[in-house]
Amino acid sequence: MNLQKNRIKLDIRPSKGSVENLERLKNGADRVDLALMQGGIANNGTAPHVMSYGRIFLEPVWIFHSLGGQIDDLTGLKGARIAIGPEASGTRKLATDLLTATGVDGSNTTLLPLGSTAASEALEKGEADAAFFTLAPESPLVGKLMSDTSLKLVSLRRAEAYTRRFPYLARIVLPEGAINLQANLPAHDIVMVAAQAALVSRNDLHPALAWPLVDALKQTHSGGGMFQRVAEFPRGFDPEYPMSEDAERMYSSGTPFFQRLLPFWLASLIERMIIMVVPIATILIPLFKVGPMIYEWRIRSRLLYWYAQLKALEKQIAGPEATANPSALAPEIDRIDEAVSIIPVPLHYSDRLYELRAAIDLVRQRIIAKA
């Protein structure tokens, strides 16, 4: 995958297959961040620590046999010697699922734990009657097996039924002559099934990596092939594992705006900042509207307090105490005047302050007149 342009180093580590990949995702000294996973190996229930970045290519299942006649259903292999792949291999898991669903198992059939090369040799030597292979159509071993006139390829009449039973499978057709046009291999269309491989990771992988990974997958796997059309893969869905939300968004909405214009590290930084800023902004925007109202209320409350004091003093002027000794009210009006003179009021509220001071002077004049 072309991740180098985004300054992401990809350390590729070999493995024995999907089962080992799943174990490496869990734990251990050789723990990995990403893994290719064949369909049917696990799911969200058995591997809750895994999330998917989509289905990326097909892994066709080739079933060769040396039995007489044409076989169009797996029931035709009952009682035979079948190589189904070594222990803990993806091929063995897939072959076991298909055979068991058809009623073929170790109680009525001999199941041989042979890998691809060993299975091919066993077919050649007559030590096996049939074998399952999970190989790319470009594999030299596929060409060798197709060229062997003693072997026939099983064409699954009920392939569509298998895809309904096992959602990670897809029905595919190997067209006549697709392997070798000159030799016309195969001699007729072959109906097969293929497992859909996925790119998976631990569910704690940093979400910022979703875009460069999906971008690399599109560049690497969008080309057509013998069993898939151009741009058919990668696909932004997974029937077995939960999709990465960021990856799913990339598939549905395309490349993010900032990723088109800026380097990955900078675009990722900006996007993460936006994610943090938006919730904060939803809180701050209402505060910006309410803030001035609260501020004005505080200024008004300061002035209204002294208006109340002034009104109470004005009532005293008309009372009997003021008639007996009007000069006794002078200290109170001076106290109010002094307090109002030191009230901190912004410039655009000065008119209200001067209105209050004018009212104070008016009450003072009434006190002087009373005296």
### Query
Along the principal axes of its C-alpha atoms, what lengths does the stretch 1-152 span, in descending order and rounded to whole Å?
56, 33, 26
### Task
Within the stretch 154-198, report the trypsin sites (Lys or Arg not before Pro) that DSSP leaves as loop and that have at most 15 other Cβ atoms within 10 Å.
157
### Task
Once you have the Kirkwood Rh of the chain from its Cα pairs, apply Stokes-Einstein at 37 °C and 0.692 mPa s and quote D in µm²/s.
121
### Message
Heavy atoms of the protein only, probe of 1.4 Å, neighbouring chains included. What is the accessible area of residue 305 in Å², nearest 10?
### Response
120
### Task
Any chance you could list P(r) for the stretch 83-151, counting all Cα-Cα pairs in 10 angstrom bins from zero, rounded to whole %?
21, 52, 26, 1
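Please state the relative contact order of the chain as a whole percent: Cα pairs under 8 Å, 6+ residues apart?
On the way: 533 pairs, mean separation 72.5, N = 371.
Once normalised by length, the contact order is 20 percent.
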### Query
Who wins for biggest fluctuation among 282, 91, 110 in a Gaussian network model of the chain, springs between alpha carbons below 10 Å?
282
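Rounded to a whole number of µm²/s, how large is the Stokes-Einstein D of the stretch 172-244 at 20 °C and 1.002 mPa s, given Rh as the Kirkwood radius over C-alpha pairs? Provide the component values of the computation, followed by the final result.
Numbers: Rh = 14.7 Å.
Reported coefficient: 145 µm²/s.
Could you calculate, for the stretch 282-371, the ratio of the Cα radius of gyration to the Kirkwood radius, expressed as Rg to Rh?
Values: Rg = 17.2 Å, Rh = 14.7 Å.
The Rg/Rh ratio comes out at 1.17.
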### Relative contact order (%) - the stretch 161-222, alpha-carbon pairs under 8 angstrom, separation at least six
25
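Would you calculate, for the chain, the mean residue ellipticity at 222 nm contributed by helices, counting each DSSP H stretch of 4 or more residues as -39,500 (n - 2.57) and dividing by all residues, to the nearest 500?
On the way: 12 runs with 165 residues, N = 371.
Counting only the DSSP helices, I get -14500 deg cm²/dmol.
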### Query
All other residues with a Cβ under 12 Å from the Cβ of residue 360 taken together, and with Lys, Arg as +1 and Asp, Glu as -1, what is their net charge?
-2
### Exposure rule at most 13 other beta-carbon atoms within 10 Å, DSSP loop GluC sites (Glu not before Pro): the chain longest free segment
139-371
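Write down the Kirkwood hydrodynamic radius of the stretch 33-106, to one decimal in angstroms, obtained as one divided by the mean of 1/r over all alpha carbon pairs.
Working: mean 1/r = 0.0689 Å⁻¹.
Hydrodynamic radius (Kirkwood, Cα only) of the stretch 33-106 equals 14.5 Å.
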### Message
With +1 on the Cβ of every Lys and Arg and -1 on the Cβ of every Asp and Glu, and nothing else charged, how large is the dipole of the stretch 1-100 about its Cα centre, in debye rounded to the nearest 20?
### Response
380
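For the chain, what does the accessible surface come to per residue with a 1.4 Å probe? Please give it in Å². Don't skip to the end; give the middle numbers.
Numbers: 20260 Å² over 371 residues.
Each residue of the chain exposes 55 Å² on average to a 1.4 Å probe.
The values are calculated or read from the model by the stated rules, or taken from the named source; none is laboratory data. Since the structure is predicted, the reported quantities are computational estimates derived from the model, not experimental observations. Cβ: placed from backbone, ideal geometry, glycine included. Neighbour counts: every protein chain shown. The protein model used for the area step is the full one, side chains on, heavy atoms only, and it has no ligands, DNA or RNA in it. Shrake-Rupley method; radii C 1.70, N 1.55, O 1.52, S 1.80 Å.
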